[in-house]
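Bear in mind that the values in this text are calculations on the coordinates, not laboratory data. Just so you know, these numbers come straight off a predicted model, no measurement behind them. Cβ placement follows ideal geometry from the backbone for every residue including glycine, while neighbour counts extend to all protein chains displayed.
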Amino acid sequence: MTLDIVGADLPVRLRSGATVRFAHLDYAASAPCARVAAEAVERLLPWYGSVHRGAGVRSGRSTLEYERARQAVGDFAGARAGDAVVFTRNTTDALNLLARALPPGTTTVVFDGEHHANLLPWPDPVRLPAPPDPDAAADLLDRALAGIAGPAVLAVTGASNVTGELWPVRRLADVARGYGARVVVDAAQLAPHRPVDMDALGADYLAFSGHKLYAPFGAGVLVGRADWLDAAEPYLRGGGASAAVGDRAGDVTWATGPARHEGGTPNLLGAASLAAVCEAIADADREALHAHERELLERLLAGLAAVPAAVPVSLFDPGHPRVGIVSVALPGHDVAAVAERLGADHGVGVRAGQFCAHPFTRRLAGVAAAPGGDCGTGPAALLRISFGLGSTGEDIDRAVAALAAETGGRRHDAA
């Protein structure tokens with residue numbers, strides 16, 4: 001019950017005047033709040049105080065809970081001895097922090113299949129085209145790294161926020177290791193659906209967000225090797241990041257460890273809620289959760305196959321493993337308008353647009369350039385259905401029926 005969703009039975013009024021339970025199918029943007037996260041915040045609120053900055057009982061309890069959260073999140077990610085666990089605002093914030101900590105002369109390699117959070121922060125990266133299959137991905141990476149002199153980093157997603165497909169992270173990490181390159185994994189979409197483990201992934205760094213992991217209280221995390229982080233300039237200069245400040249400008253001794261990059265009063269409630277979800281998921285029957293997701297995914301893909309207007313997109317083979325995310329093209333339809341009608345007339349919440357992955361959605365849509373961005377218009381716009389904890393077969397069926405109704409119906413031979 002700790003992984004029940006707050007608002008799972010939220011009623012919404014349709015334009016017709018009818019009231020239905022809201023079918024939230026936009027988990028890939030922001031997952032709803034797990035009850036365990038809300039309860040963690042509620043328990044902590046009476047004790048809320050300044051972390052690392054007071055002598056009173058509230059400050060002491062808050063500091064204890066904050067550092068306990070750090071340990072729990074690190075355990076969830078498979079942090080190793082010596083790894084830093086730095087709390088951030090979200091995955092984007094975590095990857096920007098790491099990008100600023102790269103040693104001078106470091107070259108970053110990314111694929112065009114990345115979310116903007118893992119595409120834009122890196123200084124002058126080597127960008128590789130989105131590969132048609134895992135073999136091509138490994139080959140592209142091998143050739144790219146062979147041409148790089150000096151330190152290098154591979155930054156790769158664990159699961160696509162557009163197609164849900166799992167990327168061959170371990171295989172790519174093994175290629176990177178052969179060249180002495182470090183590996184950064186954007187686990188924003190992976191962590192809510194699959195176990196994440198630094199060693200199993202071959203990752204030096206791992207980043208993910210609370211708001212995608214059922215803890216929407218403004219926290220994210222960067223987990224990984226401490227050497228670059230301890231050598232870098234502080235990400236946020238201020239109280240907490242400084243160990244000692246002298247009387248002259250620039251006379252500062254910066255802290256080491258996570259504090260170096262967590263300047264200012266930390267987000268205690270965000271960290272505690274994220275830790276609570278991490279612990280609850282770690283204690284859950286992961287195979288049962290995976291089986292439920294797989295059942296919903298098969299149900300969705302089967303339903304979409306009967307809707308002529310909906311064309312599911314994928315980078316790899318259509319049968320390649322994926323998490324609970326499916327995007328479809330709707331040729332001849334205004335994707336934003338369809339998504340709006342799904343919400344207003346059917347009580348189904350989905351996402352339309354390019355999902356902050358513009359080069360990738362253009363590749364999938366087969367267009368060289370496209371206006372519209374994330375507003376759901378333009379030739380590269382897709383409609384995304386994503387789900388997770390709390391999603392039901394009825395949610396999936398209603399979404400498919402609504403999509404069929406708004407785009408011309410089902411095939412006559414559909415069951």
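A few notes on this one:
- Descending Cα extents along the principal axes, segment 38-283, whole Å: 58, 48, 28
- Placing a pseudo-label 7 Å from each Cα along the Cα-to-Cβ vector at Ala231 and Thr19 gives an inter-label distance of 6.2 nm.
- FRET efficiency for the pair Val6 and Asp317, taken as 1/(1 + (r/R0)^6) with r the Cβ-Cβ distance and R0 = 30 Å, rounds to 0.20.
- Most mobile of Pro168, Pro123, Pro46 in a GNM of the chain (Cα contacts under 10 Å): Pro46
- Dividing the mean sequence gap of close Cα pairs (under 8 Å, 6+ apart) by how many residues segment 96-185 holds gives a relative contact order of 29 percent.
- Sorting 399-408, 151-160, 107-116 by their mean Cβ neighbour count within 10 Å, with the most densely packed peptide first, gives 151-160, 107-116, 399-408.
- Counting only alpha carbon atoms, the long axis of helix 169-178 and the longest principal axis of the chain meet at about 40°.
- Each residue of segment 184-195 is assigned a 3J(HN,Hα), and the resulting list reads 10, 10, 7, 9, 4, 8, 6, 4, x, 10, 9, x Hz, derived from the Karplus form 6.51 cos²θ - 1.76 cosθ + 1.60 (θ = phi - 60°), x at Gly and Pro.
- Positive-end residue of Thr91, Val223, Cys278, charge dipole of the chain with Cβ unit charges: Thr91
- Remark on Arg225: its backbone amide H falls under 5 Å from those of Ala84, a criterion applied only to residues 5 or more positions apart or on other chains, H modelled at 1.01 Å from N.
- Cα-based helix-to-principal-axis angle, 335-346 vs the chain, degrees rounded to 10: 80
- Extension gain, Val126 to Thr392: 0.36 nm times the residue separation minus the Cα-Cα distance gives 91.6 nm.
- Taking all Cα pairs closer than 8 Å and separated by 6 or more residues, the relative contact order of segment 38-283 comes to 24 percent.
- Order by protection proxy (mean Cβ within 10 Å, highest first), peptides 174-181, 185-192: 185-192, 174-181
- For Thr108, the residues whose amide H sits under 5 Å from its own are Val126, Val153, ignoring neighbours fewer than 5 places away on the same chain, with H placed 1.01 Å from N.
- Protection proxy ranking of 27-39, 132-144, by the mean of other Cβ atoms within 10 Å over each peptide's residues and highest first, is 27-39, 132-144.
- Residues of segment 247-276 with amide N under 11 Å of a point placed 7 Å along Cα→Cβ from Ser50: 265
- GNM flexibility winner over the chain from His346, His24, His290 (Cα, springs under 10 Å): His290
- Two-site label geometry, Ala401 and Asp283: point separation in nm, points 7 Å out along Cα→Cβ: 3.8
- Angle in degrees between helix 134-146 and the longest Cα principal axis of the chain, rounded to the nearest 10: 40
- Computed from point charges on the beta carbon alone (+1 for Lys and Arg, -1 for Asp and Glu), the dipole magnitude for the chain about its Cα centre is near 620 Debye.
- Residues with amide H under 5 Å from that of Ser242, placed H, sequence gap 5 or more: Ala255
- Rel. contact order, % - alpha carbon contacts under 8 angstrom, at least six apart, the chain: 21
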